[in-house]
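Structure record follows, encoded as structure tokens.
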Amino acid sequence: MTLRFAYNTNGLQSHRLEDALALLDEAGYHGVALTLDHMHLDPLRAGPGEVAGVRKLLRQRRLSCCVETGARFLLDPGRKHRPGLADADPLDRMRRTDLLLRSVELAAELEAEVLNLPAGPRTPGQDPADASRFLAEGLREILGRAEALGVPVALEPEPGHWIETLAEYGALREQLPSLRLTLDTAHVSVVADEGTPAEAIRAWASDLALVHLEDAPRGVHAHLPFGEGDLDLPATLAALAGAGFEGLCAVELSRHSHAGHELPGRSLAALRAAAARGRP
């Protein structure tokens, strides 16, 4: 099968959104992973006209879309990824919930295939049971709104967040059956032994809604261009194809906006070459 490749706009922060979409279209991508942030469709400020304009651009460029909610400092300029859904402060939890509910609405307006979210970190010293309860409560509200609007929601296990591992995601999904999974190849086996990314893809194939692709040294949380780490890209893509994955496979180079003019093309060339090598 033919995999569908996308590129995350968190790696194109030096480009206007319309220019970023043009770059991806011209490079040959199938879609875009749109990180809602202050420079790209700010969910706290975007009005109906701006949202409609982005939807029009996506259609003109024939780019599928998923919505990403992992902007680092959108709610607090001094605390990365805070506040989160598991935060100890109820007003802070409300701020994150409100942001994610608005993000769900934007995803529906953009006809996005899925909305992706990380759990966010818990407050230092917080009771783990409270953090888990708060997270589940917040996700129930978000999932309810998303289901009403027809937007699938996927959770991304991420080192440093309250949900760090695939097993923790699996336990959460038992409480929230409609929750889906975003698997990031650079997060696999960083906190716990989860095998290779290819093995993790095969193990969790039925839950997958979105995949993030980038290179990294094994066991290190990094986001590097392909060829600069230990990722077996042909094996990873072969696992996705073998699983019949039909969602977007999004390149995430969030620390490389300085090379946003040339990395999308380089990355897609590497993906196409690796996909060809991985075919039986």
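Please treat every number below as a calculation from the coordinates, not as lab data. Only a predicted model underlies this, so the values are computations on that prediction, with no experimental measurement involved. So basically every Cβ, Gly included, is an ideal-geometry build from the backbone, and we count neighbours across all protein chains shown.
Quick one: Cα centre-to-centre distance for region 214-280 and region 3-28, in angstrom? The two parts, judged by their Cα centres, are 15 Å apart. Annotation for residue 126 and residue 230: the two label points, set 7 Å from Cα along the Cα-Cβ direction, are 3.1 nm apart.
Relative to the compact-globule estimate of 2.2 N^0.38 Å, the Cα radius of gyration of region 4-278 comes out at 0.94.
Normalised by the number of residues in the chain, the average gap of Cα pairs under 8 Å and 6 or more apart makes the relative contact order 20 percent.
Across region 202-261, the mean sequence separation of Cα contacts (distance under 8 Å, 6 or more residues apart), normalised by length, yields a relative contact order of 42 percent. For residue 251, the residues whose modelled amide H falls within less than 5 Å of its own, excluding neighbours fewer than 5 places apart on the same chain, are 6, 7, 8, 213. Sorting 236, 165 from the fewest to the most surrounding beta carbons within 10 angstrom yields 165, 236. Region 74-92 and region 179-200 have their alpha-carbon centroids 25 Å apart. Test of understanding: given the chain, find the longest segment containing no GluC sites (Glu not before Pro) that are in a DSSP loop and have at most 16 other Cβ atoms within 10 Å. With GluC sites (Glu not before Pro) excluded where exposed in loops, the chain gives 112-227 as its longest stretch. Calculated mean residue ellipticity, 222 nm, the chain: -12500 deg cm²/dmol, from DSSP H runs (n ≥ 4) at -39500 (n - 2.57) each, averaged per residue and rounded to 500. In region 1-52, which trypsin sites (Lys or Arg not before Pro) are in a loop and have at most 15 other Cβ atoms within 10 Å, using DSSP for the loop call? Those that pass, being in a loop and sparsely packed, are 16, 45.
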